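Chemist: The structure under discussion is supplied below as structure tokens; questions concerning it will follow.
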Amino acid sequence: MIFVDDSIIKVGGVILPGIVKSLEIKTDARVEEQEVEGNSAKPKQVTGYEDAKITLEIALEDGETKTKESKLKSIQSLFRKSGQAKPQVYDIVNEHTAIRGIKRVIFKSLTTKEVNKKSELTVNIEFWEYVPINITATKKSKDKKSGSSSKKSSSQSNLNLDKDYNNYLSSSRGAAP
């Protein structure tokens, strides 16, 4: 679970260290453009919405008990633990994200930046909205008619081949050792 308010961000039960500088949420409409020969204008088709992208900017500074580097290690371990193969899905709780209809996210990227002669380490975290798609598997039945027609068409295509090549195809071409 991720909990965000003006000063605290909680990811998976761990409060992220640092000062939240900004929270940005971006969503886009999904639009497809088509090339039409002889037409300079590209027709557009609206097909839906892209998943929302949430960007957090956090400032890390040395504290009384932890250095900025140790604070960064705790954020890094949330992004990708040792041996983790896939990003984890988190619930997000925040007034801003609730208004935008975002409930679940993945920890998409982690960027850090140090500025020369500054004691601050800037951390940018990007979350992507996670909307699972339900896929239902169905068993496909084999059509007996289509199987026989494909055999028929392959034998008919052999009629147009050279007689010796047809004999080669129909005879045993050797067996594996």
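The values are calculated or read from the model by the stated rules, or taken from the named source; none is laboratory data. Fair warning: this is a prediction, and the values are worked out from it, not measured in the lab. Quick reminder, even Gly has a Cβ in these numbers, built from the backbone with ideal geometry, and neighbours come from all protein chains shown. Please note that ligands, DNA and RNA were not included when accessible areas were found on the heavy atoms of the full protein model with its side chains. Shrake-Rupley method; radii C 1.70, N 1.55, O 1.52, S 1.80 Å.
Chemist: Take peptides 88-94, 42-48 and line them up by average Cβ neighbours within 10 Å, highest first, as a rough protection proxy.
Modeler: 88-94, 42-48
Chemist: While we're on this one: For the ranges 73-82, 112-121, 96-105, what's the packing order if you count other beta-carbon atoms within 10 Å of each residue, average per peptide, and put the highest first? Working shown, then result.
Modeler: Working: 73-82: 13.6, 112-121: 10.8, 96-105: 15.4.
Ranked from most to least packed, the peptides come out as 96-105, 73-82, 112-121.
Chemist: Figure the gain on full extension for Asn124 and Ile19 (residue separation times 0.36 nm, minus the Cα-Cα span) and round it to one decimal in nm. Mind showing how you got there, number by number?
Modeler: Values: separation 105, 0.36 × 105 = 37.80 nm, distance 1.18 nm.
Value of the extension gain: 36.6 nm.
Chemist: Further question: Considering every pair of different Cα atoms, what Kirkwood radius, in Å, is found for segment 39-136?
Modeler: 16.4
Chemist: Full-extension gain between Glu95 and Ser40, please, as 0.36 nm times their residue separation minus the C-alpha to C-alpha distance.
Modeler: Computed gain between Glu95 and Ser40 is 15.3 nm.
Chemist: Mind checking the full-extension length gain between Lys140 and Thr67? Use 0.36 nm per residue of separation minus the Cα-Cα distance, one decimal, nm.
Modeler: Full extension from Lys140 to Thr67 adds 20.3 nm.
Chemist: Rounded to the nearest 0.05, what FRET efficiency is calculated for Ile133 and Lys10 with R0 set to 35 Å and r the Cβ-Cβ distance?
Modeler: Result of the calculation: an efficiency of 0.80.
Chemist: If you don't mind, another one. How much accessible area per residue does segment 1-146 have, counting only protein heavy atoms and a probe of 1.4 Å, in square angstrom? Walk me through the numbers before you get to the answer.
Modeler: Working: 10870 Å² over 146 residues.
Each residue of segment 1-146 exposes 74 Å² on average to a 1.4 Å probe.
Chemist: Apply the a/c threshold of 1.5 to the C-alpha gyration tensor of segment 1-87 and tell me whether it is rounded, prolate or oblate.
Modeler: Since a/c reaches 1.5 and a/b is larger than b/c, the shape of segment 1-87 is classed as prolate.
Chemist: With a point put 7 Å past each Cα toward its Cβ, work out how far Ser82 is from Asn167 in nm, to one decimal.
Modeler: Result for the modelled spin labels: 7.0 nm.
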